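The values are calculated or read from the model by the stated rules, or taken from the named source; none is laboratory data. Since this is a predicted model, take the numbers as computed values, not measurements. We place every Cβ from the backbone using ideal geometry, glycine too, and count neighbours over all the protein chains shown.
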Amino acid sequence: MSFYDKVYEQVMRVPKGRVATYGQIALMCGSPHASRAVGYALHCNPRPGVIPCHRIVDRFGALAPAFAFGGREVQARLLRDEGVEVREDFTVDLAKYRFEE
């Protein structure tokens with residue numbers, strides 16, 4: 001299984017109404033220093049709408065400024081539709097919404 005496949009598998013585990021960080025996904029894949037590679041994998045998401053890459057944010061809870069599937073406004077809408085509060089500065093409260101295994 002490729003690293004990207006591992007990323008997609010782990011992202012699929014993040015439920016609606018929750019977010020995970022790039023670093024968290026990297027750790028879940030067994031590669032704790034590969035958070036940038038997680039971002040690259042999500043940018044190449046082969047199944048948008050199936051693999052919920054919109055649920056992944058940075059370590060500060062910030063949405064991706066260049067969300068591959070429509071920009072951070074689209075990412076914010078997708079998260080809000082799932083019940084995640086996205087602040088005006090396009091950040092999420094990780095203490096409240098972070099996915100914990």
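Quick notes
- Qualifying positions in the range 54-71 - out of contact with any strand residue (DSSP E or B) (no Cβ under 8 Å at 6 or more places or on another chain) and under 16 Å from TYR97 (Cβ atoms): HIS54
- Taken together, TYR40, TYR22 contain a single residue that is crowded, with 17+ Cβ neighbours inside 10 Å and either closer than 16 Å to PHE69 by Cα or not small (Gly, Ala, Ser) (or both), which is TYR22.
- When LEU94 is tested against (1) within 13 Å of the chain's Cα centre (by Cα); (2) farther than 16 Å from VAL14 by Cα, exactly one condition is not met: (2).
- Every residue from the range 71-91 that is part of a loop (DSSP other than H, G, I, E, B) and either over 16 Å from LYS16 (Cα atoms) or charged (D, E, K, R) (or both): GLY71, GLU82, GLU85, ARG87, GLU88, ASP89, PHE90
- The set of residues in the range 7-33 being assigned to a loop (DSSP other than H, G, I, E, B), more than 21 Å from LEU79 (Cα to Cα) and hydrophobic (A, V, I, L, M, F, W, C) consists of CYS29 alone.
- Any hit, the range 63-70, residues being crowded, with 19+ Cβ neighbours inside 10 Å and in a helix (DSSP H, G or I): no
- Members of the range 1-41 that are modelled with pLDDT under 95 and under 18 Å from GLU82 (Cβ atoms): none
- When the range 25-37 is filtered for residues that are surrounded by 16 or more Cβ atoms within 10 Å (Cβ to Cβ), farther than 22 Å from ALA95 by Cα and without any contact (Cβ under 8 Å) to a residue 24 or more places away in the chain, nothing remains.
- Residue satisfying all of: in the range 80-101; more than 21 Å from ALA26 (Cα to Cα) and aliphatic (A, V, I, L, M); surrounded by the most Cβ atoms within 10 Å (Cβ to Cβ) among these: VAL86
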